[in-house]
Amino acid sequence: MERGVKAAQAPGPILVGLSGIDLDADDVAHLRHPAVGGVVLFTRNFSCRDQLERLVARIRDLRDPRLLVCIDQEGGRVQRLRDGYTRLPPLAVLGKLLDEDRVKALDMAYRHGRVMATEMLASGIDLSFSPVLDLDRGSCVIGDRAFSRHPQAVGELGRCYLSGMHDAGMKTTGKHFPGHGSVLADSHVDDVVDSRSLAEIEGADLLPFSDLAGALDAMMIAHVVYPAVDSLPAGYSRIWLQDILRGKLAYQGVIFSDDLGMHAAKTVGGLQARTRLCLEAGCDLVLVCQPADVAHLLSELDDSPGDATQAVTRLYGRPTVDRDELVQVVQEGIREWGHWRQSLERLGEQFRGA
């Protein structure tokens, strides 16, 4: 198929990572594979804003319906795009501020979500996997990515953050259900087991997800085993996804797996088995973020494991400010937008200097 000619095909349920700052022949082949429904961008895919927007335009032009374009732009240490974008503080800054000035903290949470989403949408990115709704209770991988150690604070700040994203035109993703923040190990590199009872989890880590279930458009599932509930990691567990999330919490949005290349995801077998088990358990979309993993998995799949059109299209960004309007706002020095960006960056500087 010639470049510039869109392939008409239903999106599959696999979101894939790319190798670099432009699409090579392998990337194009992967993105046209019927199992694929979108991409997840990383710092390795970014050199400057103009390059990023050309890359996203190429991705969007490959298929119809178009592929979903996603990223992690949380702020703090998990912010994939920096040069040319607002330097966002980690969410923990907002939790600290809540203790000092509740009204200001809630306002800043809204600004954080609104500015982040506006900038991503203006560059053609549909979705940032945000916000983190884990509790900061000792996890080495969560830490200051969380708003707070207190469930009520996470729920309050999270609700304002979601409002900011929605007002910008971006769908929301709460992560990492049912909570990754109370165990030390990092699921990227270790097996992670949370041995608490369901009642203990429900009384703490699960509370923000339960509180915000009706406002969230998507949830990402933790690669954590909770043996008091199921012997399988939550992303492979029908108990967590069907009985608790869909049933008890009455959640109706999209369910993402976390990256199936992570160490803690490997307990059930190879990539094809991981994908199948996630989908069978109730995930709508699964992430495979490393290019080598993408190549390996897609080489084993002749067709798509399912039609993900509904899940993909419901998460498309619908920006309330387009790229040209945002450029004009910046060029004209519109005070409110500049103040919001500066206030977030100053808040981050105060946190780093504390």
Inset, instruction - May I ask you to give the percent of accessible area on segment 232-291 that is carbon plus sulfur, with a probe radius of 1.4 Å? - result: 49 percent
Legend entry - residue 39 long-range amide H proximity, modeled H, under 5 Å: 16, 68, 69, 70
Inset, instruction - Compute the Cα gyration tensor for segment 199-334, then decide on rounded, prolate or oblate, letting a ≥ b ≥ c be the square roots of its eigenvalues: rounded whenever a/c is under 1.5, prolate when a/b is larger than b/c in the other cases, and oblate in all that remain. - result: oblate
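Magnitude of the Cβ-charge dipole of the chain, K/R +1 and D/E -1, about the Cα centre, nearest 20 debye?
Magnitude of the dipole: close to 440 debye.
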Inset, instruction - Assuming a ≥ b ≥ c are the square roots of the Cα gyration tensor eigenvalues, decide whether segment 77-133 counts as rounded (a/c under 1.5), prolate (otherwise, with a/b larger than b/c) or oblate. - result: prolate
Legend entry - Karplus (6.51, -1.76, 1.60) ³J(HN,Hα), θ = phi - 60°, over segment 12-28, in Hz, Gly and Pro reported as x: x, x, 9, 9, 10, x, 10, 7, x, 8, 9, 7, 8, 4, 5, 4, 4
Legend entry - DSSP-defined antiparallel bridges as percent of all bridges, the chain, nearest 5: 10 percent
Inset, instruction - Summarise the accessible area of segment 7-149 (1.4 Å probe, protein heavy atoms) by the percent that is carbon and sulfur. - result: 48 percent
Legend entry - Positive-end residue, the chain charge dipole about Cα centroid, Cβ charges, pick of 269, 125, 13: 125
Inset, instruction - For residue 152 and residue 350, calculate 0.36 nm times their separation in residues minus their Cα-Cα distance, and state this gained length in nm to one decimal. - result: 68.9 nm
Legend entry - Potential extension, residue 323-residue 193 segment - 0.36 nm per residue separation minus Cα distance: 42.4 nm
Legend entry - Förster radius 22 Å - calculated FRET efficiency between residue 334 and residue 103 (Cβ-Cβ, nearest 0.05): 0.40
Legend entry - Solvent exposure of segment 211-306 as accessible area per residue, Å², 1.4 Å probe: 36 Å²
Legend entry - Within-13-Å neighbourhood charge of residue 33 [Cβ basis; K, R +1; D, E -1]: -3
Inset, instruction - Express the accessible area of segment 43-90 per residue in Å², computed with a 1.4 Å probe while the remaining protein chains stay in the model. - result: 36 Å²
Legend entry - Anisotropy class of segment 124-262 from Cα gyration tensor, a/c 1.5 cut: rounded
Inset, instruction - Starting from the amide H of residue 148, placed 1.01 Å from N in the peptide plane, find each other amide H under 5 Å away whose residue is 5 or more places distant or on another chain. - result: 136
Inset, instruction - Have a look at the DSSP beta bridges in segment 156-267 and tell me what percent are antiparallel, nearest 5. - result: 10 percent
Legend entry - Computed [θ] at 222 nm, helices only, for the chain once each DSSP H run of length n ≥ 4 contributes -39500 (n - 2.57): -11500 deg cm²/dmol
Inset, instruction - Would you indicate which of (1) 1.15; (2) 0.95; (3) 1.96 is the value of Cα Rg over 2.2 N^0.38 Å derived from the coordinates of this structure? - result: (2)
Inset, instruction - Send over the Kirkwood Rh of segment 128-174, from the inverse of the averaged 1/r over different Cα pairs, rounded to one decimal Å. - result: 11.0 Å
Inset, instruction - Restricting to segment 1-111, compute how many DSSP beta bridges are antiparallel as a %, nearest 5. - result: 15 percent
Inset, instruction - State the cysteines of the chain left without a partner when partners are defined as other cysteines whose beta carbon lies under 4.7 Å away. - result: 48, 70, 140, 160, 289
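Below 8 Å between Cα atoms, with a sequence gap of 6+, how large is the relative contact order for the chain in percent? Walk me through the intermediate numbers first.
Numbers: 766 pairs, mean separation 72.6, N = 354.
Rounded, it is 20 percent for the chain.
The values are calculated or read from the model by the stated rules, or taken from the named source; none is laboratory data. Since the model is a prediction, treat every value here as computed from it, not as a measurement. Backbone-built Cβ (ideal geometry, glycine too); neighbour counts: all protein chains shown. The protein model used for the area step is the full one, side chains on, heavy atoms only, and it has no ligands, DNA or RNA in it. Shrake-Rupley method; radii C 1.70, N 1.55, O 1.52, S 1.80 Å.
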